[in-house]
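Comments concern the structure below.
Derivation of every value follows stated rules applied to the coordinates shown; laboratory data play no part. Computed from a prediction, not measured in an experiment: that's the story for all the values here. Here the Cβ positions follow ideal geometry from the backbone for every residue, glycine too, while neighbour counts run over all protein chains shown.
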Amino acid sequence: MTIYTIKRNNADQGFEVSGPDKEWVETQAEAFAQQFTISKSALKKSAESHSTPSSKPTTNQTSVGDGLESLVRNQLDADIIGQMVRFVEARQKAFDKTAPNQAVIIAKFLKDALNIELIDKEDLAYIYKQVGVWKLVNHQNQLANAADRNNYFTRHEGKYKLSYAGEKFALDTAKE
């Protein structure tokens with residue numbers, strides 16, 4: 001039996017359609033591609049779809065995220081990005097050392113400039129993508145290491161909140 005597969009990946013979004021019927025796979029791929037393009041341009045949801053091959057092709061579509069609008073995505077514009085880059089440049093030496101340092105410096109900026117107390121890996125991924133010059137990292141590990149190793153964050157409602165140590169580092173220590 002021949003299985004037809006179409007995969008499409010673009011940064012943090014992607015989908016794969018597999019099945020024994022070529023026409024069905026192409027139809028599903030077109031539908032997913034349309035949704036994929038719409039969700040990317042709207043910058044509201046990341047869609048990821050996966051279909052497993054079987055004698056009867058089936059689809060299983062899931063949305064990434066909890067359905068709530070991201071405060072970071074809603075408030076981040078070119079002016080804010082410029083302010084963030086200047087904030088980071090003032091702490092560049094510490095920012096370049098480790099990924100946890102990067103997370104805490106970004107979180108401190110978000111807290112001070114936009115009153116955003118809680119961040120998650122999707123927020124960091126969005127910020128890195130918007131800035132475009134910062135080296136991409138595994139954002140879940142970045143936040144976990146900043147919390148567990150450095151005590152820069154506490155976990156709160158599935159997200160990360162700056163601790164006193166994190167605020168002090170980002171505000172004072174990182175500038176030295």
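Structure data summary
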| read-out | value |
| --- | --- |
| Separation in nanometres of the label points that stand 7 Å from Cα toward Cβ, at Leu71 and Ala113 | 1.5 |
| Net length gained if the chain between Gln92 and Arg155 were fully extended (0.36 nm per residue, minus Cα distance) | 20.1 nm |
| Label point distance in nm, Leu171-Ile3, each placed 7 Å from Cα along Cα→Cβ | 5.5 |
| Spin-label model distance (nm) - Leu136 vs Tyr164, 7 Å beyond Cα toward Cβ | 3.9 |
| Radius 15 Å from Cβ of Thr2, net charge of other residues (Lys, Arg +1; Asp, Glu -1) | -2 |
| Volume per residue that the Cα convex hull of the range 71-175 spans, once the total is divided by residue count, Å³ | 86 |
